[in-house]
Structure formats: C-alpha cells, structure tokens
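Peer 1: First, the structure itself, so that you have it in front of you.
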Amino acid sequence: MKHLPKPIFLCFIIVICLLCIKCTGQQKSRSPKGYDLNNPIKYNMPEALHEISGIAFNKGNPDMMFAEQDEEGELFYFKPGSMNVKQIKFGKGGDYEDVAIINNQAIMLRSDGVLFTFPLDLKKAGATNVKQWDNLLPKGEYEGMYAYDSNQSVYVLCKHCSIEKTSKTSTVFTLKLSADGSLKNAGQHTIDVGRISKLAGVKKMNFHPSGLSKNPKTNEWYILSSVNKVLVIADANWNVKEVYPLNPGKFGQPEGIAFDNQNNLYISNEGDKIGAGNVLKFTFKP
C-alpha cells in the first residue's frame with residue numbers, strides 16, 4: 001500500500017481531530033434548569049478529605065462547608081476553595097456516610113443507620129454531649145441524609161434496607177429533631193425506582209442512592225446515586241420528575257450533595273488512586 005502524499009495525510013489528520021472534538025462535545029450532560037452540570041467550579045480536597053462523602057451548610061451559609069469522610073469519627077469544616085481544613089472529634093472511627101447541620105446541632109450518619117448528634121461548637125476541639133441513636137432505623141445500609149430547618153425534620157435514604165422486599169422502590173425515613181438533639185421516628189416515604197428507570201431509558205435499574213438535598217428555590221428533592229451515576233429530581237411529595245445521567249469524567253464517585261442560600265448546587269466526589277477528592281460547585285443561573 002502506497003503512502004498518502006503529505007498534504008493529503010495532513011488533511012486526513014485534521015479531519016479526524018475535528019471529528020474527535022465534535023464527538024467530545026456531544027458527550028455533554030443534560031442539566032436541570034438553572035444549572036450547567038458540564039461547567040463546575042472544582043475545589044480539590046486535602047488528603048484528610050480524600051474520601052469525602054457527605055457535605056452540608058449551616059442555614060445555607062456558603063462561607064463554611066461541613067463534611068465527613070468514610071473512616072474517621074470527625075466533623076470537618078472549611079471555606080470552599082481553602083485547604084485550611086479544621087475538624088471536631090465526635091467519636092470512634094467508622095464508616096460515616098453523611099452529615100447534616102440543623103438547630104445548632106450536628107448529625108452524623110453511619111452506614112449501618114446509627115446516628116450521632118451533638119451541639120455544634122466550632123470553638124472547641126472536640127464535641128461534647130454526643131448522643132448515639134442505634135435503633136431508629138431498620139437494619140440496612142444508609143448513605144444519604146438531609147436536615148430541613150423549616151420543619152425540624154431529618155430525612156434518611158436507605159441504600160439497601162431489610163424492609164425492602166423488592167427493588168422497585170427506595171425508602172426515605174423521616175425523623176423529628178427536638179431542641180436537645182433527641183430524634184424520634186416520624187414516618188416514611190417511598191421513591192418509585194421503576195419511574196427512575198423509565199426516565200433514564202433503561203429496562204431495569206438497581207437504584208442505590210448516596211446523597212440527598214432539597215433545592216431551596218424549587219422545594220424539589222435532589223437525589224444522588226453514585227453507583228448509577230445519576231441525579232434524580234423529585235417533587236416535595238417524592239414523586240420522581242426528572243433523571244439526569246452524570247458524566248463519569250467529571251463525577252468520579254459522587255457521594256454528597258448540598259445547596260447554599262444562593263441556590264448554588266454542590267456535589268462532592270471521593271478521590272481515587274490518581275486524583276484527590278473534590279467538591280464541584282454549580283452556580284445557579286436563573
């Protein structure tokens with residue numbers, strides 16, 4: 001086979017490059033109204049938060065983000081974009097999955113459904129008056145939690161639950177928070193996984209939610225699933241409305257989700273062997 005003349009060969013290479021650029025552009029993710037999931041502001045995390053999971057704000061204040069990671073019984077806090085991370089020790093090491101801040105109380109969720117509450121005091125090195133709640137939730141694996149100031153309620157998502165006999169639904173448990181940090185059961189809701197599968201365009205989906213937050217502007221629930229790499233939006237009554245696939249190139253292991261009081265959206269990703277953990281900020285644009 002004869003070699004192509006140099007000018008023709010160069011043209012061939014240029015065409016291939018243009019096609020590659022075009023294909024890359026077509027891989028952009030669809031985005032919910034007000035956000036562009038393709039253009040985040042990226043905050044890399046220090047080594048202490050390589051395995052960052054849940055994230056939260058106190059009354060939506062964007063100047064201070066709270067976070068936890070999978071191994072240490074510590075609550076971390078920092079200004080987004082800063083590597084100056086501080087922490088409060090509240091308990092022994094364990095598989096902690098999410099954090100919520102409400103009514104000047106910090107709530108930590110362990111993967112087995114055990115919850116820890118303690119007064120939020122950033123002036124002290126360690127947490128005091130830590131309460132452990134062992135039997136509020138059925139046996140299972142839990143990853144997502146959200147605390148709603150307006151009704152003093154805490155919502156916990158089940159990833160795998162003993163009470164779920166079918167994969168067609170996913171359960172959300174509601175807990176009420178008292179002023180002293182006490183928690184008690186207040187009901188449960190179900191999410192229609194079949195509806196998620198239909199909107200995602202797949203025949204059957206094993207939905208395993210990893211993060212939960214509420215959009216302060218629309219009152220919609222934003223549900224994150226790291227395993228499926230999707231963002232699910234449901235109305236205030238947990239009826240699924242939209243499903244958005246997440247680009248694995250940007251969302252390596254999405255575990256946490258939160259909104260600030262400016263309606264900006266944040267999604268945290270655990271790090272891997274190559275890259276650091278990170279938080280992606282999606283600026284709200286009306």
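Peer 1: Taking residue 63 and the conditions (1) under 19 Å from residue 123 (Cβ atoms); (2) surrounded by 13 or more Cβ atoms within 10 Å (Cβ to Cβ), which numbered condition does it fall short on, given that it satisfies the others?
Peer 2: (2)
Results for (1) acidic (Asp, Glu); (2) assigned to a strand (DSSP E or B); (3) farther than 16 Å from residue 264 by Cα, shown as yes or no for each residue.
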site: 189; (1), (2), (3): no, yes, yes
site: 195; (1), (2), (3): no, no, yes
site: 199; (1), (2), (3): no, no, yes
site: 206; (1), (2), (3): no, no, yes
site: 212; (1), (2), (3): no, yes, no
site: 217; (1), (2), (3): no, no, no
site: 233; (1), (2), (3): no, yes, no
site: 236; (1), (2), (3): no, no, yes
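Peer 1: Kindly provide the set of residues from segment 128-150 that are closer than 24 Å to residue 260 by Cβ and either surrounded by 13 or more Cβ atoms within 10 Å (Cβ to Cβ) or touching a Ser or Thr at 6+ places or on another chain (Cβ under 9 Å) (or both), ordered by number. Show your work before the answer.
Peer 2: The first filter runs over segment 128-150 and keeps only residues closer than 24 Å to residue 260 by Cβ, leaving 143-150.
Within segment 128-150, 143, 144, 145, 146, 147, 148, 149 meet the criteria.
Peer 1: Here's a follow-up. From the list 242, 220, which residue is more than 19 Å from residue 68 (Cβ to Cβ), of a type in the set (Asp, Glu) and touching a helix residue (DSSP H, G or I) at 6+ places or on another chain (Cβ under 8 Å)? Show your work before the answer.
Peer 2: On the way: 220 fails: touching a helix residue (DSSP H, G or I) at 6+ places or on another chain (Cβ under 8 Å).
Going through 242, 220 in turn, just one is more than 19 Å from residue 68 (Cβ to Cβ), of a type in the set (Asp, Glu) and touching a helix residue (DSSP H, G or I) at 6+ places or on another chain (Cβ under 8 Å): 242.
Peer 1: Checking the structure you have, find out if any residue of segment 125-136 is β-branched (Val, Ile, Thr) and more than 28 Å from residue 42 (Cα to Cα). Steps first, answer last, please.
Peer 2: Here is the first cut: in segment 125-136, the ones β-branched (Val, Ile, Thr) are 128, 130.
Still in the list and also more than 28 Å from residue 42 (Cα to Cα): 128, 130.
For segment 125-136, residues β-branched (Val, Ile, Thr) and more than 28 Å from residue 42 (Cα to Cα): present.
Peer 1: While we're on this one: For the subset of segment 241-286 comprising residues that are β-branched (Val, Ile, Thr) and not in a strand (DSSP E or B), which member is nearest to the chain's Cα centre (by Cα)?
Peer 2: Step one: list which residues in segment 241-286 are β-branched (Val, Ile, Thr), which gives 243, 257, 267, 274, 279, 283.
Cutting the leftovers down to not in a strand (DSSP E or B) gives us 274, 283.
Values: 274: 21, 283: 16 Å.
Per the criteria, the residue is 283.
Peer 1: Testing residue 77 on (1) more than 26 Å from residue 232 (Cα to Cα); (2) modelled with pLDDT under 95, one condition comes back false. Which one is that?
Peer 2: Going through the list (1) more than 26 Å from residue 232 (Cα to Cα); (2) modelled with pLDDT under 95, residue 77 breaks only (2).
Peer 1: Go over the candidates 239, 206, 269, 278 one by one and state the one that is in contact (Cβ under 8 Å) with a residue 24 or more places away in the chain, in contact with a strand residue (DSSP E or B) (Cβ under 9 Å, 6 or more places away or on another chain), farther than 13 Å from residue 37 by Cα and surrounded by fewer than 19 Cβ atoms within 10 Å (Cβ to Cβ).
Peer 2: After ruling out the rest, the residue left standing is 239.
Peer 1: So which residues in segment 104-127 are surrounded by 14 or more Cβ atoms within 10 Å (Cβ to Cβ), among the hydrophobic types (A, V, I, L, M, F, W, C) and either part of a strand (DSSP E or B) or touching a residue at least 40 places away in the same chain (Cβ under 8 Å) (or both), if there are any at all?
Peer 2: Hits for segment 104-127 are 106, 107, 108, 109, 115, 116, 118, 120, 127.
Peer 1: Which residue is surrounded by the fewest Cβ atoms within 10 Å (Cβ to Cβ), if the candidates are limited to segment 151-174 and must be among the aliphatic types (A, V, I, L, M) and under 13 Å from residue 212 (Cβ atoms)? Outline the logic, then answer.
Peer 2: Restricting attention to segment 151-174, the residues satisfying the condition of being among the aliphatic types (A, V, I, L, M) are 154, 156-157, 163, 172.
Among the residues that remain, those that are also under 13 Å from residue 212 (Cβ atoms) are: 154, 156-157, 172.
Numbers: 154: 23, 156: 27, 157: 27, 172: 21.
Among those that are among the aliphatic types (A, V, I, L, M) and under 13 Å from residue 212 (Cβ atoms), it is 172.
Peer 1: Further question on the same structure: Which of the residues belonging to segment 59-97 are over 22 Å from residue 153 (Cβ atoms), in contact with a helix residue (DSSP H, G or I) (Cβ under 9 Å, 6 or more places away or on another chain) and assigned to a strand (DSSP E or B)?
Peer 2: 69, 74, 76, 78, 87
The values are calculated or read from the model by the stated rules, or taken from the named source; none is laboratory data. What you are looking at is a predicted structure, and each value in this text was computed from that prediction instead of being measured. As a convention, Cβ positions derive from the backbone with ideal geometry for all residues, glycine included, and neighbour counts pool all protein chains shown.
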